[in-house]
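For reference, the structure is listed below as structure tokens.
The values are calculated or read from the model by the stated rules, or taken from the named source; none is laboratory data. The structure presented is a predicted model; accordingly, all values stated were derived computationally and were not measured. Cβ atoms come from the backbone with ideal geometry, glycine included; neighbour counts cover every protein chain shown. To get the accessible areas, we keep the full protein, side chains included, count just its heavy atoms, and leave off ligands, DNA and RNA. Shrake-Rupley method; radii C 1.70, N 1.55, O 1.52, S 1.80 Å.
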Amino acid sequence: MNMDIAVIRGDGIGPEIVNEAIKVLDAVCEKYGHSINYEHILMGGCSIDATGEPLTDDAVKIAKSKDAVLLGSIGGNTQTSPWYKLPPNLRPEAGLLKIRKELGLFANLRPAYLYPELKDACPLKEEVASKGFDMMMMRELTGGLYFGERYTKEIDGVLTAVDTLTYSENEIRRIAIKGFDIAMKRRKKVTLVDKANVLDSSRLWRKVVDEVAKDYPEVEYGVMLVDNCAMQLVKDPAQFDVVLTENMFGDILSDEASMITGSIGMLPSASLNETKFGLYEPSGGSAPDIAGKNIANPLATILSAAMMLRYTFDLDKEADAIEKAVKTVLEEGYRTIDIAKPGEPQVKCDEMGSLVAQRV
Ligand code: IPM
Ligand code: MG
């Protein structure tokens, strides 16, 4: 197969971790007789520096013309970087929100799985960690608070900021259907996470998702309030299969879910629209404090590349090969700094990429 993808290396550790994912993809291509055409585009701080905008319309056009986008990470230190002196719509994160919206990537999949080899890196109690967990965080990605109208103005001499949280039933239904479809291929369980005891938008989510659930009688469906979910994730994460939720709750809960896997450097993600097109990125951020030191964990990005092969290109065998290679490397005891136990030997970012590439 010949795959045509856009690559956004981005800021911070982005370039380092994307290089390793490309290394692994190239190894897959060699072994299985595929080829990939990579076209690099700019987004985030590096795009601001080069063009004055976090994502140009030209870059969007290129991304749209491809089969998929592979992304590292964007953004810098919000306290010290000059990018954060710019108006909010010109900051790095605006580029990420723009590409999600422009490409209609409403479904964000963040699988959180505890590798048995990383149980020691899991911050949960042994009795909880030993049960393991394997969940799919499904976050709505193009609606809600992050895309609602917002402004700050003075009202009666008092500075007041407004953000709005809006969802239409159609936006809810399409991600709910995706969530149940994915559950059918997993352990057939969906937990809708909301704040229906307070928010109207959450009450609409419940109504619509309840309706969708009726079409999936085999799926065990339940609801949970978001504050309780934050608690349950550290108390008993094994109870979750597919966690379906709106944009902001998903943003927060997916960081929590990644942390209990041992490190945010382990969590891949896929952002999908109604077609096979997808944007694939690690769930973690640009980690400017460790950028350029060759110590970042590239596994989340490598696993995101595996998701790309699986979801966009239907190359399950090849995706399995990457996931298995990651598992093997962990079994063999190789660790980047974020997942190493005190005193355990550590490998660098590029070594980790090579180790995985050699094992696909
Ligand atoms: C994420 C990130 C982004 C988000 C930021 C950088 C805008 O935190 O992908 O989770 O909130 O969606
Ligand atoms: Mg986030």
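Numbers at a glance
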read-out	value
Segment Asp181-Lys64, length gained on full extension (0.36 nm per residue, minus Cα span)	39.6 nm
Förster radius 51 Å - calculated FRET efficiency between Asp156 and Glu332, Cβ distance, rounded to 0.05	0.20
Accessible-area value, Asp350, 1.4 Å probe, nucleic acids and ligands omitted, Å²	60 Å²
Close Lys-Lys pairs in region 123-260, where close means Cα under 16 Å and separation is 8 or more or interchain	8
Cα shape, the chain, gyration tensor, a/c 1.5 rule	rounded
Normalised alpha carbon radius of gyration of region 212-335 [divisor 2.2 N^0.38 Å]	1.19
Cα-based shape type of region 232-290, given that a ≥ b ≥ c are square roots of the gyration tensor eigenvalues and the cut on a/c is 1.5	oblate
Straight-distance crosslink candidates among aspartates and glutamates, where the alpha carbon sits under 15 Å from Lys324 and sequence neighbours closer than 8 are dropped	Glu117, Asp316, Glu332
Tensor-based shape of region 123-260 (alpha-carbon gyration tensor, a/c under 1.5 rounded, otherwise prolate or oblate)	oblate
Reachable lysines from Lys293, criterion Cα separation under 21 angstrom, eight or more residues apart if same chain	Lys23, Lys341, Lys348
